[in-house]
Amino acid sequence: MKFIKDTFTKIGQSNVAISDVTCAELLYGARNKIELELIKRDINKLFILPISSAISSHAINLIEQYTLSHNLNLPDSLIASTAIIHNIKLYTLNLKDFRFLEEIALFKV
């Protein structure tokens with residue numbers, strides 16, 4: 001966790017945005033009500049990028065192209081599409097889920 005915190009400090013909170021999907025994944029991962037409230041508090045400090053029709057259409061294209069060959073799932077296709085459409089780098093600890101996508105820029109730590 002310290003690594004993640006240090007990385008976000010390096011990036012700067014004002015430079016961090018998350019997709020609606022990432023927001024939902026974080027909330028879904030809460031193990032109890034206290035953790036849920038802490039996650040909500042942290043999410044409220046970030047800019048949340050909604051799923052637009054352009055993001056949705058791009059995600060469908062990615063699924064058509066990569067689901068069978070790379071097992072790309074719906075949440076990851078929406079997260080990737082959000083970064084691509086907004087032309088921002090994606091910070092992830094799950095590089096294997098995204099590195100095959102040529103049009104995405106991954107944040108290097």
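The values are calculated or read from the model by the stated rules, or taken from the named source; none is laboratory data. Remember, it's a predicted structure, so these values are computed and weren't measured experimentally. As a convention, Cβ positions derive from the backbone with ideal geometry for all residues, glycine included, and neighbour counts pool all protein chains shown. Surface areas here come from the heavy atoms of the whole protein model, side chains and all, with no ligands, DNA or RNA. Shrake-Rupley method; radii C 1.70, N 1.55, O 1.52, S 1.80 Å.
A compact table of results
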{"quantity": "Count of region 13-48 residues which are farther than 19 Å from SER81 by Cβ, in a helix (DSSP H, G or I) and open to solvent by 50 Å² or more (accessible area, probe 1.4 Å)", "calculated": "13"}
{"quantity": "Test: residue in region 97-108 that is open to solvent by 50 Å² or more (accessible area, probe 1.4 Å), free of Cβ contacts under 8 Å to residues at least 60 places away in the same chain and part of a helix (DSSP H, G or I)", "calculated": "no"}
{"quantity": "Region 49-83 - residue that is open to solvent by 30 Å² or more (accessible area, probe 1.4 Å), among the hydrophobic types (A, V, I, L, M, F, W, C) and touching a residue at least 24 places away in the same chain (Cβ under 8 Å) and, of those, nearest to THR7 (Cα to Cα)", "calculated": "ILE51"}
{"quantity": "Matching residues, region 1-49, being of a type in the set (Asp, Glu) and closer than 19 Å to ASN94 by Cβ", "calculated": "ASP6, ASP20, GLU25"}
